[in-house]
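Nothing in this text is a laboratory measurement; each read-out follows from the coordinates by a stated rule. This structure is a prediction, so every number in the text was calculated from the model and none was measured. Please note: Cβ atoms are built from the backbone with ideal geometry, for glycine as well, and neighbour counts cover all protein chains shown.
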Amino acid sequence: MNNRFKNPYFWFGLAGVICAAANISFESLTSWEILYENLMNILANPFLLGSVIVAVVGVFVNPTTKGLKDNNDNSTNDLIKK
């Protein structure tokens, strides 16, 4: 999991998933006030909040392991580094 946090593309993907689940387009975020309004709309709407939570869990889940755990086998990390 620590490798994910160090990768900037993980954060870009996470932001994209959150915005997609909350029905926010990047073009509409032209000021801090609009960003704050969108965040408050997510918190005020149970469906949007649930959608964001499910989307974020989907990003973190490793489909090759059981449950929400990461694979402790570092051989896959060695393959990625090559």
Starting from the 7 Å offset along Cα-to-Cβ, what nm value, one decimal, do you get for the label separation of ALA15 and PHE47?
2.8 nm
If the chain between THR30 and ASN62 were fully extended at 0.36 nm per residue, the gain over the current Cα-Cα distance would be 8.1 nm
